[in-house]
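Structure first, commentary second.
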Amino acid sequence: MKGIGIDFGTSNSAVAVFDGVNVRMIEVELGAQTVPTAIHLDRDFQALTGSVAIKSYVEENSDRRIEMTAKLIAEVESEFEGSESEGVGNQKVYGAVEDHDLPGRLFLGIKRLLGKENIRRLMVFDRPYRLVALITPILLSFRNAISTAVGPVAKGIYMGRPVEFEGSDAGKNALATDRIQESSTYAQLGQVTFYPEPVAACLSFVQENNIKDGSTVLTVDFGGGTLDLCLVNYQDNQFQVLGTEGVALGGDYIDQLIYKKLIFPELGKGVQWSRMVDGMLVTTPFPFDQYEKALLNWTITHTLNQNQYTATIAEYLAQNDTEQEKLLRLQDVIRHNYSYSIFQQIKAAKIALSDAENTVLSIPELQLEIPLNRQQFNDIIAEVMDALQLCIDNLFKNTQADANTLDYVVRTGGSSRIAAVLALLESEFPNKVVQHNTFTSVASGLAIASYYAYECKL
């Protein structure tokens, strides 16, 4: 008998097995305890998942010139009149503008869409894919890893779920879990049990640290896509959930804030553009806003490598001698599809500031080094810290719990290691804050819950 837990995350996923004594992480990819929650489909609809999917997508769009064209979707018979001709002819009808040379599609963060009733299918080239179909290869990679590590997949797999899936519909949680369950069936995982992610992290902490009965634990699960809080009382190997709170903010959003604040000015945001228009010298800001959305979403940065964007940069470089270095960087980011690499360097700098007061955000591809200290970083993420404070306040207000009765405050998830998060929690709950298995606590707890067949409903 083994318990198996799958942490199907927004940004990253992990799988664990528990034999009643020890928890072991299952490597979905060689040498990795966590993998990106990603799928890549090529034009033959062959799927790649995890880090291989990302690597393939980044490489195939480096130095690829984009030409967007409108697709002919129909020809309709229509009457026309004119001074030279009248009669009946065929009128061509064009659909959306598309990149017809795109080698493959990459999908990240599909979990964010699962609770949204109005999003049922996404177009993959000319084929409408149900969300269920898009996540099935990802779950199948988990199933194959489990089979390799522990043998045939048995009944009793537990899968995590956030406190609240994203979406505004009242039935978003049920819809999301129904979709995941259908995909799990196709991936031969069978019937899965959904268990709250922050409660699973708490269970992992209790199991590993031999926590005494009667303890009250606040779990702060702060990952790449979501921030979840869960207040529980642990008694007789059971959890009584006193309250939960959550918000769709995480490390990915923090990375975008850093990109906007520190990288954008080095790529041309705020640069003044002087040029001759109708014989007059006109000075206006360079239209950097046209590039911002695609730069912040690295999966579509390559779409900027088309004439309507690159020609504007070329025109600036031809007419301006000042601050050309910045626009040359922007040109390189677009031409060589560097945004993914930039985000990786941002993550590295963010992680460094968890343990150090100062670091350097280094982007070798652009020969760019930006000093960054913890206070600057704290200023950048002020709105995120406000959201965490609000979650804490709402949780204790809604549960009417006394913070003084807490025994432990458990931090887990990559974003929970941010120094400002620790400082805020320490100020609210002095001497009660502990860090637990930053990236694997949820999967571990799910495996333990699976082994003991625990139940927990929010």
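Points to keep in mind about this one:
- Only helices enter the 222 nm calculation for the chain: every DSSP H run of n ≥ 4 contributes -39,500 (n - 2.57), and dividing by all residues gives -11000 deg cm²/dmol, rounded to 500.
- This ranking places W298, W273 by how few other beta-carbon atoms lie within 10 Å of each, fewest first, which gives W273, W298.
- The A348 and R65 beta-carbon pair, evaluated with R₀ = 25 Å, returns a calculated FRET efficiency of approximately 0.25.
- Residue order for S51, S362, S183, S415, fewest other beta carbons within 10 angstrom first, comes to S362, S51, S183, S415.
- L249 long-range amide H proximity, modeled H, under 5 Å: L227
- Order of T219, T359 - criterion: other Cβ atoms within 10 Å of each residue's Cβ, fewest first: T359, T219
- One compactness figure for the chain is 1.13, namely its Cα radius of gyration divided by 2.2 N^0.38 Å.
- Couplings for region 364-381, taken from phi via the Karplus curve 6.51 cos²θ - 1.76 cosθ + 1.60 with θ = phi - 60°, read x, 4, 9, 6, 10, 10, 10, x, 9, 10, 5, 5, 4, 4, 4, 5, 5, 9 Hz in order; Gly and Pro are left as x.
- Cα shape, region 296-428, gyration tensor, a/c 1.5 rule: prolate
- Computed lengthening from E266 to E365, 0.36 nm per intervening residue step minus Cα-Cα distance: 34.3 nm
- For T283, the shell of other residues with beta-carbons less than 15 Å away shows a net charge of -3, using +1 for Lys and Arg and -1 for Asp and Glu.
- Amide hydrogen neighbours beyond the local backbone of V271, cut-off 5 Å, H modeled: F286
- Computed E for N404/Q191 - FRET, C-beta separation, R0 35 angstrom, nearest 0.05: 0.25
- For P137, net neighbour charge (Lys/Arg +1, Asp/Glu -1) across residues whose Cβ lies under 15 Å away: +2
- Alpha-carbon centroids, region 392-456 and region 193-242: separation in whole Å: 7 Å
- Angle between the chain longest axis and helix 339-352 axis [Cα atoms, degrees, rounded to 10]: 40 degrees
- Rounded to 10°, Cα long-axis angle of helix 131-150 versus longest principal axis of the chain: 50 degrees
- Spacing of the modelled spin labels on K457 and K397, each 7 Å from Cα toward Cβ, amounts to 2.9 nm.
- Cα shape, region 254-315, gyration tensor, a/c 1.5 rule: oblate
No value in this document is a laboratory result; all are computed from the given coordinates. Nothing here was measured: the structure is a model prediction, and the numbers come from that model. Cβ sites come from the backbone with ideal geometry, for glycine too, and all protein chains shown count toward neighbours.
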